[in-house]
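The values are calculated or read from the model by the stated rules, or taken from the named source; none is laboratory data. These figures come from a predicted structure and were not determined experimentally. Cβ atoms come from the backbone with ideal geometry, glycine included; neighbour counts cover every protein chain shown.
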Amino acid sequence: MSYRVVKGRDFSDLLEKKVAFVLCIGNTMTAGIPGITVAGESPELIKFTPPADAELLCYGHCRSIPFPPATPDGKPTPALITYTALRLTGVPLFVVDSGLIEKPKMPYYSVGAPVGENIARGKAMDYEKAEETFEYAKILGKELSKEFDVLMIGESIPAGTTTAGAVLKAMGLNPRVSSSMPENPVHIKQEVIAKAVSRVKSDDPIEIISEVGDPVLLTVSGITAGSGKPVVLAGGTQMAAVSQIVRRLRQNAEVFIATTKYVVDDSTADIAGMSAGDVIASDPGLGSSSKSGLRAYEEGFVKEGVGAGGAALLAFKRGYRQEQLVREMERDYEVIVEQAEK
């Protein structure tokens, strides 16, 4: 089965309509905490991961760095899955600067988001700036939804599961967040989350994000709240947090989550329990791949990101079978990853 309903109802037929893929990219200095993320080959390269992910989706290669983002031991970015799915389906891409250190070398929208600070040390961002960013993002969501039947939103922000976990905790949930590593550094994340959440004195979602969240959460929540059409949040823990934020801000919003089976099958996480909306998990079928870098997903590495689960679901709903998607991903892997290594 190429996908399964994890929570609620099967909303996948929405993806047969006119869909826009929106990628929100940003940075949080929380990523600088040792051991908290492997979203980059080295700490110095982590800041380039979000713009490079966006460039890969746009061009089929990166411009900010000479090779695709990867874990320190070479597992490729989930942007590869998304790139293949968008290439096959022809769904348009819109990129939003959601608090970047380095800007992508491509056209993009900006909502004036600041770079997020290290939540273990203090406030993530200024409240007034957060409020302004949220309002700008709402306008963007409203305008994009005039032209499309469905907005699918993905994200790229190293250490985003930790900041999302802190937001969920501050909203009264008991978050069990996923990780890009097979051995989830739960103790590091829990320490950071507990320290950050101890500062929260409000139940207002925007205040919570400004204290312990990150600019991508703010932007995705704003676009979703502003949309006049259904929104499919493509991702894991971060999108679970967005669903809870939007539920508190706009009760009647049509919000759904599409993730990968790798997140759902992560025993250290609980995407269904953390999410406010219906959840579908797609299975990109990477366990059958001839490429070790792709098979690594089946072994617990990376799992999700850059909207991979939603993009795979999009391909399935547009008539591509699992084996076709795997074959096309392998073809792109050879060009994007293997040739870049030469």
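Listed residues VAL326, VAL337; which is β-branched (Val, Ile, Thr), part of a helix (DSSP H, G or I), at pLDDT below 95 and surrounded by fewer than 24 Cβ atoms within 10 Å (Cβ to Cβ)? Can you show your working first?
Working: VAL326 fails: at pLDDT below 95.
Just one listed residue meets the conditions, VAL337.
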(message) When you scan the stretch 73-96, do you find a residue that is buried (at least 18 other Cβ atoms within 10 Å of the Cβ), of a type in the set (Val, Ile, Thr) and more than 17 Å from ALA311 (Cβ to Cβ), even just one?
(response) no
(request) Identify all residues within the stretch 233-261 that are touching a residue at least 24 places away in the same chain (Cβ under 8 Å) and farther than 19 Å from LEU218 by Cβ; write none if there are none. (result) GLU254, PHE256, ALA258, THR259, THR260, LYS261
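Can you pull out the residues in the stretch 1-30 that are part of a strand (DSSP E or B) and under 18 Å from the mean Cα position of the chain (by Cα)?
Start the filter on the stretch 1-30 by keeping residues that are part of a strand (DSSP E or B), which leaves 3-7, 19-25, 28.
Selection gives VAL19, ALA20, PHE21, VAL22, LEU23, CYS24, ILE25, THR28.
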(message) Out of the helices (runs of 4 or more DSSP H) lying entirely within the stretch 96-203, which hold 3 or more residues that are among the aliphatic types (A, V, I, L, M) and closer than 29 Å to LEU294 by Cβ?
(response) none
